[in-house]
Amino acid sequence: MHALKTSPKIIVLRPRKALKADEAAKFLDIGMSSLYRYARAGIIPGRKIGSDWRFSKLALEKWLDAQVKEEND
């Protein structure tokens, strides 16, 4: 009996969408100064890369979901 050879599976991952600060502020419907203040305080998930902030859209969506859940509890 011969063993069947299978081709390796190829998994394609979409890159995560990183939002610039102005895009994140628009997505959250808040002002830029509030966005920076919350990001520096660690309230909103974000990363500072050099002098620029970047925000994961997925992380912001999860954060928003948690805020809504907290308000409904």
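Where a number appears in this text, it was derived from the coordinates with a stated rule and is not lab data. Just so it is clear, the structure is predicted and the values come from calculations on it, not from any experiment. FYI the Cβ positions are ideal-geometry reconstructions off the backbone, even for glycines, and counts take in every protein chain you see.
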Original post:
Rounded to the nearest 0.05, what FRET efficiency do residue 71 and residue 49 have when you use their Cβ-Cβ distance and R0 = 25 Å?
Top reply: 0.20
Subject >> Ellipsoid equivalent to segment 26-70 - semi-axes via the Cα gyration tensor, in Å >> reply: 18, 11, 10
Subject >> Between segment 53-73 and segment 18-45, the Cα center-to-center distance that results, in Å >> reply: 12
